[in-house]
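Written below as structure tokens is the structure these notes are about.
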Amino acid sequence: MSSSSASAFADQVHDHLADFATVPLEALGPQASQDRCDTKFLLPQGQLLALLGALRRDYRVLEVGEMRIHRYRTLYFDTAGFDLYRRHQRSSRGALKVRSRQYVDSRRSFFELKRKIGPRRTVKERTETPDIVTELTEAEGAFIAAHAHIDTECLQPTIWNRFERITLVSKTSPERVTLDVGVHFKIQTGAIRIPGVVVGELKQQRLDRTSTFFGHMRSLGSRPTGFSKYCVGAVLLYPQLKRSQARPKLRMLAKLARGDRHAA
């Protein structure tokens, strides 16, 4: 997509979001996303406008500081041998992510542990930090020790990730939807972008396939799929990591980037 086309598309997304009722951050509550059931979807970016139009009546959009699209910046930590990456590849159950995340527009940062305790169940522990954490200190070590069994001294910065997110909140049920676009990854030796793909995630207290969002994704031909930004970025930027398990997901991303609505 050319820069002019990308700008026109961004304007169209903003126009669609202007039609949504809004919800403030305070209404979500401090524990809104800490223990939840996650269902992820992938779809071509070209379908985002139709999806937003379909969701407008049933969802409100998160608005912070008059902004309805929010920028995220994340630094992941792993061992030199990528033990956390390999654990996730073996099984999502028991997978652990250690990361520092900054909400760029509000300049708030959190150090987080994200654990999978079932096929779709996620528990997230986090603590606010003055800035994004790039080196683990005693404070982060104590936080990790309180919530996970891993040697903090073995962890090191692994990969940077940034993206833009739309957050929708259901008007009738306790669920949220996040739609991530413009996903980028960066390490010292290179960077890569996932173009033309929307990463959608339905966040519920328990799995409910009657969700309005679930139904619309089904109508667009998008089925639930496992997807980890960290794992995709790592396998794309670190050649020593085997691609065999990731190849189906990489093929799917390539098809979606070409606009194939049936790829997911």
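Descriptive notes on the structure:
- Selection of the range 88-125 for residues being basic (Lys, Arg) and touching a residue at least 40 places away in the same chain (Cβ under 8 Å) yields 97, 99, 120, 121, 124.
- If the condition is being under 24 Å from the mean Cα position of the chain (by Cα) and not charged (D, E, K, R), then the range 135-148 contributes 136, 143, 144, 147, 148.
- Candidates 76, 85, 59, 72 - the one that is farther than 22 Å from residue 125 by Cβ, of a type in the set (Ser, Thr, Tyr) and either in contact (Cβ under 8 Å) with a residue 24 or more places away in the chain or crowded, with 17+ Cβ neighbours inside 10 Å (or both): 59
- The condition of being free of Cβ contacts under 8 Å to residues at least 40 places away in the same chain, of a type outside the set (Lys, Arg), outside any helix (DSSP H, G or I) and open to solvent by 10 Å² or more (accessible area, probe 1.4 Å) holds for residue 173.
- Screening 155, 202 for residues that are over 30 Å from residue 14 (Cα atoms) and touching a residue at least 60 places away in the same chain (Cβ under 8 Å) leaves exactly one candidate, 155.
- Residues of the range 125-170 that are in a strand (DSSP E or B) and either among the β-branched types (Val, Ile, Thr) or surrounded by fewer than 14 Cβ atoms within 10 Å (Cβ to Cβ) (or both): 127, 128, 129, 156, 158, 159, 166, 167, 169.
- Residues in the range 50-93 that are under 29 Å from residue 246 (Cα atoms) and touching a His at 6+ places or on another chain (Cβ under 8 Å): 51 alone.
- Annotation: of all residues in the range 1-33 being within 19 Å of the chain's Cα centre (by Cα) and exposed (fewer than 13 other Cβ atoms within 10 Å of the Cβ), the one that is modelled with the highest pLDDT is 30.
- Selection status of residue 249, surrounded by 15 or more Cβ atoms within 10 Å (Cβ to Cβ), charged (D, E, K, R), in a helix (DSSP H, G or I) and within 18 Å of the chain's Cα centre (by Cα): yes
- Filter pass, residue 178 being under 30 Å from residue 57 (Cα atoms) and not hydrophobic (A, V, I, L, M, F, W, C): yes
- Scan of the range 92-110 for residues that are modelled with pLDDT under 95, among the polar types (S, T, N, Q) and either open to solvent by 50 Å² or more (accessible area, probe 1.4 Å) or touching an Asp or Glu at 6+ places or on another chain (Cβ under 9 Å) (or both), ordered by number: 106
The values are calculated or read from the model by the stated rules, or taken from the named source; none is laboratory data. Treat the numbers as computed from the prediction; the structure is a model and nothing was measured. Don't worry about glycine lacking a Cβ; one is built from the backbone with ideal geometry, like all the others, and counts go over all protein chains shown. Each accessible area value is taken on the protein alone, full model and side chains, heavy atoms only, with ligands, DNA and RNA left out. Shrake-Rupley method; radii C 1.70, N 1.55, O 1.52, S 1.80 Å.
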